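Below: one structure, written as structure tokens.
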Amino acid sequence: QASEGKSESGAGDQAGDDDDEFEDNWKPRKPPQGSLQYYLNQAWDATVGPWYDEYFKSDFEKTAKLLEQAKQRQADSEVTAKQIRDHFTRDYGQKKQYYSLFNQCFEEPIQGYTYTFCPYDKVSQQALGAKTSFLI
């Protein structure tokens, strides 16, 4: 017998575990063969079941797609909000004299390498003729 405050697994109750009575592998019981419910289930499976399943499967897929689109829009909005916050919190100098350098990059080939300097973003080095560059 499980002691009070513990589930059958022996773990203590956790906040948000409202559905402890259901197991992940729970399956509904089939009605006994020959019962009225058994025959109703047979009739459902043969007539309404396939249509019903297909109808709600389509709704589920549409809902899942809309949810995924909403999550993507939320992620995009969060990225945009972060970029805006970063933009306005950067130090552009006491009188904002370095603001004009934002989103600017400068390249200079030196001794077999091309160096790219982008104030407020990155500095990279790329060997002349190479396809990859390395952040410095």
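The values are calculated or read from the model by the stated rules, or taken from the named source; none is laboratory data. Here the structure is a predicted model, which means the values were calculated and not measured. Side chains included, ligands, DNA and RNA excluded: accessible areas come from the protein's heavy atoms. Shrake-Rupley method; radii C 1.70, N 1.55, O 1.52, S 1.80 Å.
Computed from backbone phi with θ = phi - 60° and the Karplus coefficients 6.51, -1.76 and 1.60, the 3J(HN,Hα) list for the stretch 48-64 is 7, x, x, 5, 4, 4, 5, 4, 6, 4, 4, 4, 4, 5, 5, 5, 4 Hz; x is used for glycine and proline.
Residue order by solvent-accessible surface for Asp59, Asp76 is Asp76, Asp59, largest first, with ligands and nucleic acids left out and a 1.4 Å probe. For the stretch 99-104, the Karplus equation 6.51 cos²θ - 1.76 cosθ + 1.60, evaluated at θ = phi - 60°, returns couplings of 4, 5, 7, 5, 6, 10 Hz by residue, with Gly and Pro reported as x.
Between rounded, prolate and oblate, where does the stretch 38-136 land on the alpha carbon gyration tensor, with a ≥ b ≥ c its root eigenvalues, rounded for a/c under 1.5, else prolate if a/b exceeds b/c?
Working: a/c = 7.82, a/b = 2.68, b/c = 2.91.
Note, shape of the stretch 38-136 comes out oblate.
Taking all protein chains together and rolling a 1.4 Å probe, Leu67 ends up with roughly 100 Å² accessible.
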